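Visitor: Structure incoming, see below.
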Amino acid sequence: MLNFAPRILIAEGNTKERCKEMQAIGNMIGSSAYAKSIKHVCPGVKVDVVFAADDDVSLPRGTSFDDYDGFVLGGSALNLPTDVGNIKITRQIDLARAAFKSKIPFLGSCWGLQVATYAAGGIVGVNPRGREVGIARKISLTNSGLASSYYEGKSAVFDSPAIHFDEVTHLPAGSVVLAENSHTSVQAAIIRHDGGTFWGMQYHPEFDLAHISNLIKAYAKPMIADGFYATEQDALSHASQMDLLFKDTQRDDLAWLLGVDRDILDPDVRLREVANWVDQPVLLHHLAKH
Amino acid sequence: MSINPKILVVDGYVKAARDELVAGGAKKAGDQYVQMLIRINPNVRCDIIYPSDPGVAIPSGITLSDYDGVAWTGCSLTVFEDTPEVNTQIDFARACFDSGVPGFGSCWAAQIAVVAAGGICRANPNGREMGFARKIALTNAGRGHDMYEGKSSVFDAYISHVDEITHIPAGSVVLSGNAFTSIQSVSVLYKGTPFWGLQYHPEYDLHEMARLTWCRIDKLMAMGFINDRQAGEDYVALLEDLFQNQTRTDLAWRLGIDADILNEDVRRLEVRNWINKLVIPTMLAKGKG
């Protein structure tokens with residue numbers, strides 16, 4: 001647990017309309033899940049949220065990146081490869097470019113990684129292996145990942161919550177791949193652009209098992225169409241096993257049945273990367289200013 | 001001209017344990033191994049011995065070196081218990097190392113090869129690893145080893161064990177590990193003879209894992225893997241269902257498994273590599289091709 005009081009700006013990647021849908025299924029919106037996760041690793045943190053897809057003013061009124069110690073862009077149901085001209089997307093690309101330029105420590109999951117990639121000159125495509133959903137398994141650190149301070153204390157191979165259609169296919173020059181698995185070759189990367197450093201993951205360390213369960217319940221029909229479940233009843237029963245395990249992580253029988261371990265169940269293991277980001281670049285940035 | 005490797009399959013189970021498995025619908029471990037070896041290479045010729053049976057003739061000397069490979073199955077014995085069945089097999093493993101015949105094996109086999117060569121095994125403090133060993137990662141030595149040519153650097157595999165290798169003997173190399181079991185495979189070189197051992201079980205399939213699980217339901221309940229008999233029966237049914245309908249991606253996803261487990265060629269690559277990169281080249285070097 002980290003004992004300082006950084007000020008972090010979190011950008012919600014989803015449209016407000018989409019956020020309402022998330023809340024309707026009982027899930028926190030992405031920015032709230034991130035805020036909760038950062039508070040878990042650093043209870044003194046002060047968080048502001050911007051709705052980057054919808055608001056014309058990209059930063060909270062009267063602030064600049066200089067007022068913050070870190071900037072986070074989380075997940076979104078928007079799709080870069082198929083919808084790149086959408087103003088709800090271009091606003092976020094502009095914001096990412098401004099973040100790079102400001103040199104603020106910049107973190108992202110999923111959509112955040114994809115936007116940072118695009119903003120820095122890389123390419124995002126539709127993943128030919130389809131949707132990776134629920135748990136991304138067997139994510140493996142590259143040698144660079146093993147040596148990276150972002151993964152200090154993390155296992156060389158781990159599982160993490162995930163949900164995505166698209167993936168980074170081409171990183172901009174100067175980037176480093178930190179993690180991969182058989183579904184997605186860029187599961188984590190460092191991107192350096194315009195003097196700034198972004199670090200991001202294709203997976204979602206900020207999601208817990210209850211969040212995954214709610215996604216499954218909400219997406220049961222498309223998941224049946226994609227072959228993840230035979231019936232809606234199967235989806236609901238799978239989701240309810242996750243709920244039971246979330247409520248009682250001592251249920252070794254359910255963990256065994258679901259094939260999950262501490263990588264998913266222990267927030268200190270699951271959020272280790274986020275803790276390292278706060279503890280290293282964010283802390284350094286904070287100290288440099290105070 | 002075809003090359004016909006002659007493989008001695010060693011099924012270390014005592015008769016009562018073999019009978020228990022067969023009564024539960026499982027194949028005997030030795031039969032599973034023979035079936036796997038022949039599926040990988042139909043030219044292989046196999047003999048099976050049961051060294052735990054009283055009075056069985058254990059091959060030695062010239063008889064042993066007549067074989068091109070010795071393949072050991074898993075076994076429910078405990079390698080660090082001082083019993084006649086265990087000691088007979090440790091002695092036999094030493095005779096195999098003396099013979100120069102390349103060895104291979106799963107689970108108990110890796111343990112007995114390590115112990116015969118001077119290493120140590122103990123009960124795994126993490127308890128039983130059962131069903132699927134997840135996130136097995138190759139070491140750097142594993143990535144470069146002939147046994148793993150073509151294998152992913154990280155994979156899942158069938159597993160069922162309570163003991164583990166804790167100390168490898170000099171001349172051995174750890175090839176893989178996971179969070180549950182730090183040594184998931186080992187290459188032993190002792191008295192000039194190589195033995196490639198896996199803690200996991202490439203010879204299993206979903207049906208055999210279902211039958212083994214069924215035979216162990218009471219034990220699994222006692223250890224907290226399942227809460228009641230019905231949960232065990234449901235799990236067995238899930239495995240059998242996927243075995244019967246291998247295209248049911250939904251069932252595979254429920255179990256959190258992929259081609260590492262389901263694709264026989266992926267799962268058994270280590271065994272294929274053993275035959276192609278160790279057994280056959282050793283035959284050719286001896287002029288036996």
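What follows is calculated from the coordinates using simple rules that are stated; it is not laboratory data. Everything numeric here is computed off the predicted structure, so don't read it as measured data. Here Cβ is always computed from backbone atoms with ideal geometry, including for glycine, and neighbour counts include all displayed protein chains.
Visitor: Residue by residue through A:230-240, how many Cβ atoms from other chains fall within 10 Å of the Cβ on average?
Guide: Numbers: counts 5, 1, 0, 0, 3, 1, 0, 1, 3, 0, 0.
The shielding value for this peptide is 1.
Visitor: In sequence order, what are the phi-derived ³J(HN,Hα) couplings for region A:234-246 according to the Karplus relation 6.51 cos²θ - 1.76 cosθ + 1.60 with θ = phi - 60°, rounded to whole Hz, with x for glycine and proline?
Guide: 4, 4, 5, 5, 4, 4, 6, 4, 5, 4, 4, 5, 4
Visitor: List residues of region B:1-36, by number, whose backbone nitrogen lies under 16 Å from a label position 7 Å along Cα→C-beta of B:T83.
Guide: Residues passing the 16 Å test: B:11-21.
Visitor: Grab the other residues whose beta carbon is less than 12 angstrom from that of B:D68, score K and R as +1, D and E as -1, and report the net.
Guide: Net local charge, B:D68 excluded: +2.
Visitor: Give the average, rounded to an integer, of partner chain Cβ atoms located within 10 angstrom of each Cβ in B:249-261. Intermediate values should be presented prior to the final figure.
Guide: Details: counts 5, 11, 3, 2, 9, 10, 3, 8, 2, 4, 1, 3, 0.
Counting other chains' Cβ atoms within 10 Å and averaging over B:249-261 gives 5.
Visitor: Say the dipole of chain A comes from +1 at the beta carbon of Lys and Arg and -1 at that of Asp and Glu; which of A:A147, A:H290, A:W277 then lies farthest toward its positive end?
Guide: A:H290
Visitor: Also, I was wondering about something else. Show me the three semi-axes of the equivalent ellipsoid for the protein assembly as shown, from the C-alpha gyration tensor (sqrt of 5 times each eigenvalue), largest first, rounded to whole Å.
Guide: On the way: eigenvalues 506, 124, 86 Å².
Computed over the protein assembly as shown, the values are 50, 25, 21 Å.
Visitor: Here's something else I'd like to know. State the Kirkwood hydrodynamic radius of chain B in Å, one decimal place, computed from all pairs of distinct Cα atoms.
Guide: Working: mean 1/r = 0.0523 Å⁻¹.
Averaging 1/r across every pair of different Cα atoms and inverting gives 19.1 Å.
Visitor: Could you size up the charge dipole of region B:206-255 around its Cα centre, putting +1 on the beta carbon of Lys and Arg and -1 on that of Asp and Glu, and report it in debye to the nearest 20?
Guide: About 140 debye.
Visitor: Once the dipole of chain A is set up with Lys and Arg at +1 and Asp and Glu at -1 on Cβ about the Cα centre, which of A:N127, A:Q233, A:G108 lies farthest towards its positive end?
Guide: So the residue furthest toward the plus end is A:G108.
Visitor: Using square roots of five times the C-alpha gyration tensor eigenvalues, list the equivalent-ellipsoid semi-axes of region A:57-146 in whole Å, biggest first.
Guide: Values: eigenvalues 126, 65, 28 Å².
Calculated on Cα positions only, the semi-axes equal 25, 18, 12 Å.
Visitor: Give the average, rounded to an integer, of partner chain Cβ atoms located within 10 angstrom of each Cβ in A:247-253.
Guide: Working: counts 0, 0, 0, 1, 2, 6, 11.
For peptide A:247-253, the averaged partner shielding equals 3.
Visitor: Further, regarding this structure: Plugging the Kirkwood radius over Cα pairs into Stokes-Einstein for region A:225-290, at a temperature of 37 °C and a viscosity of 0.692 mPa s, what D comes out in µm²/s? Could the numbers behind the result be given before it?
Guide: Values: Rh = 14.7 Å.
Calculated translational D: 224 µm²/s.
Visitor: Using only the alpha-carbon atoms, how far is helix A:209-218 inclined from the longest principal axis of chain A? Give it as 0 to 90 degrees, nearest 10.
Guide: Between helix and principal axis, roughly 70 degrees.
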